[in-house]
Structure formats: C-alpha cells, structure tokens
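The values are calculated or read from the model by the stated rules, or taken from the named source; none is laboratory data. All of these numbers come straight from a predicted model, not from anything done at the bench. When we count neighbours, we look across all protein chains shown, and the Cβ atoms used for this are built from the backbone with ideal geometry, even at glycine.
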Amino acid sequence: MDVGPFTFSHAELRTATNDFNSTNKLGEGGFGLVYKGTLDDGRVVAIKQLSLTSHQGKNEFMTEIATISAVQHRNLVKLYGCCFEGNKRLLVYEYLENNSLDRALFGDHGMKLNWSTRFSICLGVARGLAYLHEESRIRIVHRDVKASNILLDSNLNPKISDFGLAKFYDDQKTHISTRVAGTFGYLAPEYAMSGHLTEKADVFAFGVVALEIVCVRPRFDLNLDEEKRYLLEWAWKLHEQKCELELVDSKLSEFDEEEVRRVIRVALLCTQTSPSVRPSMSRVVAMLSGDVEVNKEIPKPGYFNIDWEFNDVSTITSKVSDADDNYLFAST
C-alpha cells in the first residue's frame, strides 16, 4: 500500500477530547462512540472509538484504513488518521458542522432546506458514489448508503461517511457473495435475498435517499395512511397517476418542477428490481445534471407484481438487516 493514514497516539486523542469527556460526545453507533475533538494544530475532528468486539486483526484493520485514506473526493468524509494501541482502535475524521442528512430532514429541530439545497445534496451524493464505483483506483461498494450516513458541512455540501461495511471489488467479477448487512428499507432486493453484492446495491439505496430528500419523510412510516406507509410504493402509485409532484414536501413553497420530476424519475430508475436495469451512478449524475434525458416511461419494479404485499417484502428485508445503527454520527 503506497498511501497510508497518519497515526495518532492515544494520548493525543485523549488530550483532543479532554479525556473523552461526555460533553464532547457526538453520538453512539454500532461501532462505538464518537467524540468531537480539537487537535494540537487547531483542526476540529470527529474521533470514533471502535468497539472491542470487532473481529478485525491489526493487519486487516490497518490495510482497510490505509485504503480508505487513499480515497479522496469532495463528497466523501475525509479520514485524517487512526490510532491502534493495544486493544484501542480509533478513527479520526474531519468534523462536519451540520451533522447528518437524516437529522436535517427528520430531526426535532430539522433544517428548512430549500429546493436548491436539496437538489445540490442529491447531486453531491451521486457524484461521491460515482467516484467510489468508477473513478477511484480502488473500486468500492459502500453497502450502507442512507440519510444518516450522509453528513453536511458548514455550506451544506454532502459527504458520504462510515465505510465500516464497505467492500472492495474487482471490475472483472460480476458480484461479491457476502454476508448481508445494511439498513432496512435501503437494501436492494437481490442483495437482501441472496447476498449477491454489486455497486448497483448502492444505486438502489441512493434512489431511496433521493425520494426521502424530495418528500422529507422516511422510507416507511406506520403512522401514515396504509397507501402512504412505504415510500417506494407510494411514489410508484403517484408516478402511475402522473401526480409525481404530490410527493413534494408540503412545506416547500417554491421549487423547480422540472428538477423535482427529474429527481423522482431517476430515483424510480435506481430502485428497479433488476440490478442490470438500474443506471450506473455516473449516468445518474448525467441525468440529474440534465446532460442525459430521463426516460419518462419507467417499468414498474417486479417486487410490486408478486403475490405477497409490499410490506411483506420489507419484512423479509428487515430480517437480514443487522446494522441499523452503523453510522459515524449516530442519531440521539
């Protein structure tokens, strides 16, 4: 590995967080606690303590961190370095002032994001994923794309975070067979059912996130009327009725109707049943940017045409999801 991460001492990170003081705690996820800290050079950082239950050995841990540190893009959270002393494992990331997209959208004190900002977030996330899949020298499937793993900087630029479930893959392979991990509602059907993983699993999850950004509602909500509970199902019903704009957040008073329709149609393409029908993320970027026309005739996904109800499909998906809180800044 020709590029490696900077290595911090545990003493440096203790000093940066005032001995991991609870007042500096940012959140708690499946991989451990996250603290805000200030390094000696003045950089404000997010320091994640990995739990002691990790099965990774030192060499595997260092190789993975070195790989992630070599992947840099304006829409990916930057990893500054790590610490590995005894059984202590910590990751040091750039600190993002505006926390996660899910807090901005669904939090008790959520931000009132205008349409221009929402569209910019969609496009930024798409560019980050396109880089991981197609442009970086190391091809990466993120495997846990969701609103809580998208962080926002001071200018509300999106940055994809938490590569704890990421997989590296070879362009020559059709798919990776792996243990299913991810989050209920974002898992692609073929991955949830069989463990066959390709970059198109990230494409599916992106489609769900894009709809959440348009609607400002989560992927499922049992408090809603039955026909609206599952976001994908509701989106398809409105698309078939040519009433797509009814998906738009009611609090959004002004928006570009053409851009909204484009985002919704791209999202519906991304969430097709067959991975081969879903567009690549570079094509998603081109469609969102208006460089490529989005087909108005989009086939209805097969998972809406099978014998069981859509919520049964979601239940099957939820049973294989085992990482619902694997994110850098956990919701509190």
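Overview of values
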{"read-out": "Close pairs from the stretch 205-217: first touching a residue at least 24 places away in the same chain (Cβ under 8 Å), partner small (Gly, Ala, Ser) and in a helix (DSSP H, G or I), Cβ under 7 Å, at least 6 apart", "value": "206/126; 207/267; 209/147; 210/267; 211/235; 211/267; 212/147"}
{"read-out": "Failed condition for residue 94, given (1) under 17 Å from residue 48 (Cα atoms); (2) crowded, with 20+ Cβ neighbours inside 10 Å; (3) within 19 Å of the chain's Cα centre (by Cα)", "value": "(2)"}
{"read-out": "Only listed residue being assigned to a loop (DSSP other than H, G, I, E, B) and not polar (S, T, N, Q), chosen from 278, 265", "value": "278"}
{"read-out": "Criterion violated by residue 149 - all others in (1) farther than 17 Å from residue 68 by Cβ; (2) modelled with pLDDT under 95 satisfied", "value": "(1)"}
{"read-out": "Which listed residue is at pLDDT below 85, buried (at least 23 other Cβ atoms within 10 Å of the Cβ) and in the same structural domain as residue 296 (by TED's automatic domain parsing), from 207, 182, 195", "value": "182"}
{"read-out": "Any hit, the stretch 125-134, residues being assigned to a helix (DSSP H, G or I), within 14 Å of residue 212 (Cα to Cα), of a type in the set (D, E, K, R) and touching a residue at least 12 places away in the same chain (Cβ under 8 Å)", "value": "no"}
{"read-out": "Residue ID - farthest from residue 185 (Cα to Cα), chosen from residues in the stretch 222-242 that are surrounded by fewer than 13 Cβ atoms within 10 Å (Cβ to Cβ) and among the acidic types (Asp, Glu)", "value": "240"}
{"read-out": "Close pairs (6 angstrom Cβ cut-off, 6 or more residues apart or separate chains): surrounded by 12 or more Cβ atoms within 10 Å (Cβ to Cβ) in the stretch 274-300, in a loop (DSSP other than H, G, I, E, B) anywhere", "value": "275/198; 278/272; 286/292; 287/294"}
{"read-out": "Selection from the stretch 243-259 of residues that are surrounded by 14 or more Cβ atoms within 10 Å (Cβ to Cβ), of a type in the set (A, V, I, L, M, F, W, C) and over 21 Å from residue 284 (Cβ atoms)", "value": "252"}
